Amino acid sequence: MIIIVGICELKNLKIFAIPDRYILKVIVDGYHDTNQIKINYDPIEIEIKDCEKDQVKYLYRNNIPTCENPICRESCPVGISAKCEPFYKSKNDIKLNKCVCLSGFEGENCNQKIFLDYSTLDIINIGIATIALLILIIFILFITINHKKSIIEDIGFFKLIIMALSLMVYYSSYIFSTYKNFISAAITVFLKHIGLGFFISSLYFITTINYEIGSNPKSSMENTSTYFNINKMYEMTDYSERDNNVDVDNHNIYKEKNISIILRKKIEKSINVKTSLEEVKRSSDHNKSNMCGINDFMGFRSKR
């Protein structure tokens, strides 16, 4: 203990005690007037732990334990690729202590690295990549042959090709996934990022275009005229019958004819209702004119 101008420095303080929690207090012993010494700090709570599993445990005076790290031979790379374990729990014998290799190392001095056998994983990855590439090639051939179909034209032929090629690039990275050097690792990362980047970009592009086309349908409906005369309605109902270039099956043609017949009947019914209303109106006007004539005639007779 060193005291310099009222400052007490405890540089080599060691506490030996049975493992437990303690309250540390400082008491000046042997001074004739302890009331003149003012100790201005709160009590310190300390915890003394038991020895760790790989430490040597000695019993000190009054059965107080003390711990010590085991010591192995100099050729044992402790802290790098090996650790030292004690042979005895209460004796530190450098000749009998064991030099144990850490995971991933082997050998007498633990200086040999252990490499895993990736041959099985290589076969699995190559199989997955081959199947995925074959499916994508068949898909590309299919959309190329049927590129004039409406379902492909609606999405976009070149968009589908770009998405398929980006997935092919991504699945090609599986071939190099069990990399053993920097070049294989760089190829794997490059192919994965390029493939996913193009695929996500294409998907975002398609979604954005579809959203822009399909957004705010009310405004697009307002721009078109909602007035149709009877002749135009007949033209619309007869459109499926006149258009011989449309490739539809007999069932669809039958349905369209039924719809056109129903629509034609509704239009004729509305025309008949309108005609009846006009006849009723004309009849009412005629009756009113007759009543006016009778009233005039009656008035003329009364004057006479």
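Every number here is computed from the coordinates shown, using simple stated rules; none is lab data. For clarity, every value in this text was computed on a predicted model and none was experimentally measured. For neighbour counting, all protein chains shown are included, and Cβ atoms are generated from backbone atoms with ideal geometry for every residue, glycine included.
Below, the figures for the structure above:
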item	result
Förster radius 25 Å - calculated FRET efficiency between Tyr88 and Asp20 (Cβ-Cβ, nearest 0.05)	0.45
Net length gained if the chain between Ile124 and Ile44 were fully extended (0.36 nm per residue, minus Cα distance)	22.7 nm
Charged-residue dipole, Cβ positions (Lys, Arg, Asp, Glu), segment 90-202 about Cα centre, Debye nearest 20	140 debye
Point-to-point label distance, Leu116-Lys57, nm (Cα→Cβ direction, 7 Å offset)	3.7 nm
Nearest-0.05 FRET efficiency for Glu212 and Ala132, computed from C-beta distance (R0 30 Å)	0.40
Residue exposure sequence - Asp20, Asp54, Asp42 - by fewest surrounding Cβ within 10 Å	Asp42, Asp20, Asp54
Stretchable slack from Phe142 to Phe158, in nm (0.36 nm times residue separation minus alpha-carbon distance)	4.4 nm
Footprinting exposure proxy for Met168, Met163 (fewest neighbouring C-beta atoms within 10 Å first)	Met168, Met163
